[in-house]
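Chemist: Just passing along the structure, written as structure tokens.
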């Protein structure tokens with residue numbers, strides 16, 4: 001499903017958060033959203049999820065304006081959203097059972113859940129464990145399986161790997177890229193890690209605060225051919241470009257001027 005964010009403005013208690021955000025995301029894209037803390041990245045995800053609504057502007061998924069959360073958008077938060085009193089298997093099947101009211105299909109749902117758990121690198125033995133018996137990386141795999149089993153056309157991920165140790169994070173990054181390649185799901189991925197953003201995404205969008213008016217898009221660049229095994233010099237050039245865009249916007253804000261945003265898709 002495509003996503004259309006049209007001239008969106010968000011304020012909290014009269015404090016500007018997002019100012020005139022315009023983004024068009026095609027079906028099947030993997031879009032990484034970067035920017036400093038407090039620039040509205042998570043707010044943007046919640047608008048697409050329809051947990052929040054803009055003061056002005058519109059957010060559409062597949063041409064329909066968002067009014068409430070539904071199965072069109074899956075969500076993986078930074079903090080694992082697992083039920084502590086349910087087994088791994090029960091956590092993964094929960095959404096199917098609630099939305100389908102399919103008590104008599106429980107066996108079918110469990111078989112499907114096991115397939116997703118195996119797909120994310122977990123074993124059948126893990127299915128009967130409880131979340132507290134799993135490592136952080138394993139819990140995040142369960143959270144991803146929990147979201148993917150609903151087959152959402154859009155998957156929203158908010159700093160999903162930030163709490164993981166470096167080794168586990170690298171494994172989860174590669175796993176997510178593989179799952180996206182296989183599923184064709186539209187992914188919007190918020191991260192503070194610029195290298196992660198350019199290696200995972202087919203496109204990187206940078207937000208930055210603009211002199212008391214809320215954040216806007218300061219860079220929107222296509223990166224379809226980069227991944228974790230790309231040439232280090234090529235990666236470094238793009239990382240510098242993305243980070244320089246946000247720094248330029250912040251410097252302009254301090255000086256009281258306007259940064260010049262790059263809003264068109266530019267292939268690297």
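The values are calculated or read from the model by the stated rules, or taken from the named source; none is laboratory data. The structure displayed is predicted, hence computed values, not measured ones. Every residue, glycine as well, gets a Cβ built from its backbone with ideal geometry; the counts of neighbours run over all protein chains shown.
Chemist: Looking at the structure I just gave you, is residue 4 touching a residue at least 12 places away in the same chain (Cβ under 8 Å), assigned to a strand (DSSP E or B) and surrounded by fewer than 22 Cβ atoms within 10 Å (Cβ to Cβ)?
Modeler: In short, yes.
Chemist: What is the residue count in segment 116-150 for residues that are assigned to a helix (DSSP H, G or I), surrounded by 12 or more Cβ atoms within 10 Å (Cβ to Cβ) and free of Cβ contacts under 8 Å to residues at least 60 places away in the same chain?
Modeler: 13
Chemist: Within segment 65-94, track down each residue that is in contact (Cβ under 8 Å) with a residue 12 or more places away in the chain and assigned to a helix (DSSP H, G or I).
Modeler: 88, 89, 91, 92, 93, 94
Chemist: Condition check: crowded, with 20+ Cβ neighbours inside 10 Å, in the same structural domain as residue 246 (by TED's automatic domain parsing) and at pLDDT 90 or above. Does residue 203 satisfy that?
Modeler: Judged against the criteria, residue 203 is a match.
Chemist: If you go through segment 44-57 one residue at a time, do you hit one that is surrounded by fewer than 17 Cβ atoms within 10 Å (Cβ to Cβ), touching a residue at least 40 places away in the same chain (Cβ under 8 Å) and farther than 27 Å from residue 243 by Cα?
Modeler: Among the residues of segment 44-57, at least one is surrounded by fewer than 17 Cβ atoms within 10 Å (Cβ to Cβ), touching a residue at least 40 places away in the same chain (Cβ under 8 Å) and farther than 27 Å from residue 243 by Cα, which makes the answer yes.
Chemist: For the list (1) surrounded by fewer than 18 Cβ atoms within 10 Å (Cβ to Cβ); (2) at positive phi; (3) modelled with pLDDT of 90 or more, I need the number of the one condition that residue 159 fails.
Modeler: (1)
Chemist: Check off (1) closer than 19 Å to residue 191 by Cα; (2) assigned to a loop (DSSP other than H, G, I, E, B); (3) more than 16 Å from the chain's Cα centre (by Cα) for residue 21 and give me the number that stays unchecked.
Modeler: Failing condition for residue 21: (2).
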